[in-house]
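What follows is one structure encoded as structure tokens, with my remarks underneath.
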Amino acid sequence: MKDWLLKYWRVLNRPSIHFSFGFLTLGGFIAGIIFWGGFNTAMEYTNTQEFCTGCHEMRDNVYVELQNTIHFSNRSGVRAKCSDCHVPHEWTYKMARKMAASKEVWGKIFGTINTREKFQENRRRLAEHEWARLKANNSRECRNCHEFDSMDFTRQSQRAVQMHSSALASGEKTCIDCHKGIAHELPDMSGVEGW
């Protein structure tokens with residue numbers, strides 16, 4: 001084994017016989033650009049609605065619910081897609097979220113939520129996980145579109161003005177504290193304090 005490793009190390013370590021250093025450097029640079037372009041293209045594809053609703057678990061459960069909300073159909077014609085609420089826009093946070101979401105592939109492979117009944121059984125756990133994630137990042141994804149500084153309190157209901165003003169003043173609350181169930185149906189919250 002050691003001899004085998006040494007043999008390949010010598011091949012990699014010695015100068016190229018057929019190609020110049022400049023050619024190898026340029027080739028590596030071009031290969032890097034191709035890899036980076038392919039990587040970014042794949043990342044952007046995984047943020048499309050087509051990708052998110054490509055499996056029946058999402059299409060038949062949460063996507064159907066989204067279609068009945070103001071985030072899907074509203075007077076301004078702005079439509080939020082799955083990645084707007086579930087994937088941060090900033091690159092480093094996006095990569096961290098993609099890595100964390102990769103374990104969802106296991107759920108697909110093992111059929112954790114492949115029927116409506118299984119989805120409903122797991123709905124509360126899934127929702128609480130997502131709420132905790134949004135709470136921990138100060139509802140970063142919500143703030144891609146909604147910002148306290150941009151809100152016109154004169155056009156909000158009195159209750160909304162009161163809640164948004166107190167949340168803004170205290171700095172302790174974040175969007176998800178009050179807006180659970182804004183884009184999807186709430187799970188059964190019986191037995192949870194405050195519901």
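The values are calculated or read from the model by the stated rules, or taken from the named source; none is laboratory data. Keep in mind that what you see is a predicted model, and the values were worked out from it rather than measured. Neighbour counts are summed over all protein chains in view; Cβ atoms, including those assigned to glycine, are modelled from backbone coordinates with ideal geometry.
Restricting attention to region 151-171, does a residue exist that is under 19 Å from the mean Cα position of the chain (by Cα) and either surrounded by 13 or more Cβ atoms within 10 Å (Cβ to Cβ) or not charged (D, E, K, R) (or both)? Among the residues of region 151-171, not one is under 19 Å from the mean Cα position of the chain (by Cα) and either surrounded by 13 or more Cβ atoms within 10 Å (Cβ to Cβ) or not charged (D, E, K, R) (or both), which makes the answer no. Of the residues examined, residue 123 is one that is surrounded by 15 or more Cβ atoms within 10 Å (Cβ to Cβ), in contact (Cβ under 8 Å) with a residue 24 or more places away in the chain, out of contact with any Lys or Arg (no Cβ under 7 Å at 6 or more places or on another chain) and not polar (S, T, N, Q). Out of the residues in region 48-94 meeting the condition of being in contact (Cβ under 8 Å) with a residue 12 or more places away in the chain, aliphatic (A, V, I, L, M) and in a helix (DSSP H, G or I), tell me which one is surrounded by the fewest Cβ atoms within 10 Å (Cβ to Cβ). That would be 58.
What about residue 190, is it over 19 Å from residue 80 (Cβ atoms), surrounded by 12 or more Cβ atoms within 10 Å (Cβ to Cβ) and small (Gly, Ala, Ser)? Against the criterion (over 19 Å from residue 80 (Cβ atoms), surrounded by 12 or more Cβ atoms within 10 Å (Cβ to Cβ) and small (Gly, Ala, Ser)), residue 190 does not qualify. Part of a loop (DSSP other than H, G, I, E, B), at pLDDT 90 or above and either of a type in the set (Ser, Thr, Tyr) or surrounded by fewer than 12 Cβ atoms within 10 Å (Cβ to Cβ) (or both): is that true of residue 139 in this structure? Criteria met by residue 139. From the list 18, 71, the one residue that fits, being under 30 Å from residue 119 (Cα atoms) and of a type outside the set (Val, Ile, Thr), is 71.
Scanning region 153-172 for residues that are outside any helix (DSSP H, G or I) and modelled with pLDDT of 85 or more gives 156, 157. Selection of region 9-27 for residues being surrounded by 10 or more Cβ atoms within 10 Å (Cβ to Cβ) and either among the aromatic types (Phe, Trp, Tyr) or not in a loop (DSSP other than H, G, I, E, B) (or both) yields 9, 19, 23, 24, 25, 26, 27. Residue 44 passes every criterion in (1) over 30 Å from residue 117 (Cβ atoms); (2) in contact with a helix residue (DSSP H, G or I) (Cβ under 8 Å, 6 or more places away or on another chain); (3) at pLDDT 90 or above apart from (2).
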